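Trainee: Right, I'll just put the structure down here and ask away after.
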Amino acid sequence: MSLATLWRRWLAAIAWTCLLAFLPWWTGLPLLLGLAVAQLARVPRLLRHGAILRRALRWGLAGVLVAGYRAFDGHPSGVTLTLLAALAGFSLLVLLESWQDHKPLRSASLAAASPAWNEIALAPIGPSATLIELQSPVWMALDDPANGAANNIAMVGRRRCRIGANTLIDHIEPQASVAPGQRWIALPIAAGRGVLLYDRVRDRQYRLRGWRLYGWHAGEAWLSRGEDKPPLALSHVLGQDQWEE
């Protein structure tokens with residue numbers, strides 16, 4: 001993610017928080033409830049903007065809490081009630097995000113019942129309508145300058161790399177796997193906490209904690225949470241039924 005993009009996101013978040021802080025709480029609260037309902041309803045047009053909706057809820061809740069505190073107009077119980085509202089609001093927000101993160105695993109429970117799912121997924125033959133052949137990822141060491149130069153990746157620190165001219169990625173291991181077609185780059189998150197996928201075309205990065213890269217198919221990453229669970233396409237993990245080019 002470029003520094004300019006990061007600054008734009010911070011400015012937008014701060015502006016959104018200030019807007020809800022200065023609006024009456026009874027105006028900002030319905031807006032937040034509408035965002036939460038949109039996430040629960042999984043509206044197809046909004047699925048691709050899931051990360052933006054999450055940030056809008058987090059920062060927007062902070063603004064509504066400030067507006068709620070202002071509504072007490074210095075009443076002695078204002079601080080206590082605002083803190084209670086903050087505890088309840090952020091707890092519900094954590095539950096909502098946890099439900100969203102684990103929904104793809106629940107929807108894949110039937111597929112996990114197959115005792116030989118990993119052999120089937122990697123099988124080189126079989127009916128094309130039912131079987132997907134995954135290409136195992138090839139990991140290259142970014143400590144070797146030759147590997148980085150070949151893919152326009154350079155390590156600029158022990159846990160930081162630069163992709164292209166402006167994109168900096170932190171907290172990653174010095175390894176990378178490039179998808180066929182060169183669009184996607186997979187980087188392990190430091191300390192084995194998951195995998196980061198960077199989309200060169202859209203200049204977006206997806207930090208997927210608890211997941212690991214299992215293979216590539218048609219230029220798309222397939223991810224797994226363990227040997228006993230089936231791999232899922234990135235579009236499924238992100239909550240999209242179809243991957244849009």
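Trainee: By per-residue mean of other Cβ atoms within 10 Å, what is the highest-first order of 17-24, 136-143? Walk me through the numbers on the way to the answer.
Mentor: On the way: 17-24: 16.4, 136-143: 14.1.
Averaged packing, sorted descending, gives the order 17-24, 136-143.
Trainee: Follow-up question, since we're still on this one. Over segment 128-212, what percent of the accessible surface lies on carbon and sulfur atoms, probe 1.4 Å? Write down the numbers at each step before the final one.
Mentor: Working: 2190 of 4530 Å².
Reported share for carbon and sulfur atoms: 48 percent.
The values are calculated or read from the model by the stated rules, or taken from the named source; none is laboratory data. Since the structure is predicted, the reported quantities are computational estimates derived from the model, not experimental observations. Glycine also receives a Cβ, built like all others from the backbone with ideal geometry; neighbour counts cover every protein chain displayed. These accessible areas exclude ligands, DNA and RNA; they are computed on the full protein's heavy atoms, side chains included. Shrake-Rupley method; radii C 1.70, N 1.55, O 1.52, S 1.80 Å.
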